[in-house]
Amino acid sequence: MTSTVTDTDEKSFQENISYKPGVFRYHDLPTKKRKELFDDRQRELNPCLKESEIANACILMNSDDQQQCRAEMENYKTCKRFWTAVRSFATTNHLLRNDGFPPLSQRPIWKKQLQTWIETNKLTVPDEIKPLI
């Protein structure tokens with residue numbers, strides 16, 4: 001009698017975990033495809049990915065001696081501060097729909113302000129984005 005209950009519970013359990021067509025589970029994908037998805041997602045989420053990789057490679061090459069990688073580390077820190085300021089500015093001024101970094105297509109537009117931001121520590125709405133508002 002208990003086996004019938006168990007079989008029924010197992011069947012309903014299987015029905016609950018069935019997936020709809022077009023929806024994939026990450027761990028079911030081949031390793032190469034998972035890596036591509038991960039890399040794409042990292043590029044989307046981390047605007048300082050290249051600077052991070054350069055700084056990490058320098059530290060690895062110099063046996064964890066951060067003194068020899070001061071320039072790379074400073075470049076990475078400046079990048080993070082700039083994009084954090086952009087995210088804060090864009091979110092405060094309702095230029096972004098979510099609380100994240102600007103989409104990949106808008107990042108070159110924002111990056112034009114990097115030099116003036118380093119000098120003045122202030123951001124303005126880029127002219128290319130103003131028509132989109």
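The values are calculated or read from the model by the stated rules, or taken from the named source; none is laboratory data. Because the structure is predicted, anything quoted here is derived from the model rather than measured. Positions of Cβ are generated from backbone atoms using ideal geometry, with glycine treated the same way; all protein chains shown enter the neighbour counts. Heavy atoms of the whole protein, side chains included, go into the accessibility calculation; ligands, DNA and RNA do not. Shrake-Rupley method; radii C 1.70, N 1.55, O 1.52, S 1.80 Å.
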Only unsatisfied item for TYR76, checking (1) modelled with pLDDT of 90 or more; (2) surrounded by fewer than 17 Cβ atoms within 10 Å (Cβ to Cβ); (3) under 22 Å from ARG41 (Cα atoms), is (2)
Residue match in region 70-80 (condition: in contact (Cβ under 8 Å) with a residue 40 or more places away in the chain, of a type outside the set (Asp, Glu) and not in a helix (DSSP H, G or I)):
no
Working only within region 91-133, note down all residues that are basic (Lys, Arg) and touching a residue at least 12 places away in the same chain (Cβ under 8 Å).
ARG107, LYS112
Taking only region 41-70 into account, find how many residues are within 26 Å of PHE101 (Cβ to Cβ), open to solvent by less than 80 Å² (accessible area, probe 1.4 Å) and of a type outside the set (Ser, Thr, Tyr).
11
Within region 117-126, does at least one residue satisfy the condition of being out of contact with any helix residue (DSSP H, G or I) (no Cβ under 6 Å at 6 or more places or on another chain), open to solvent by 100 Å² or more (accessible area, probe 1.4 Å), in a loop (DSSP other than H, G, I, E, B) and more than 20 Å from ARG41 (Cβ to Cβ)?
yes
In region 81-109, what residues are open to solvent by 70 Å² or more (accessible area, probe 1.4 Å) and part of a helix (DSSP H, G or I)?
ARG81, ARG87, THR92, PRO108
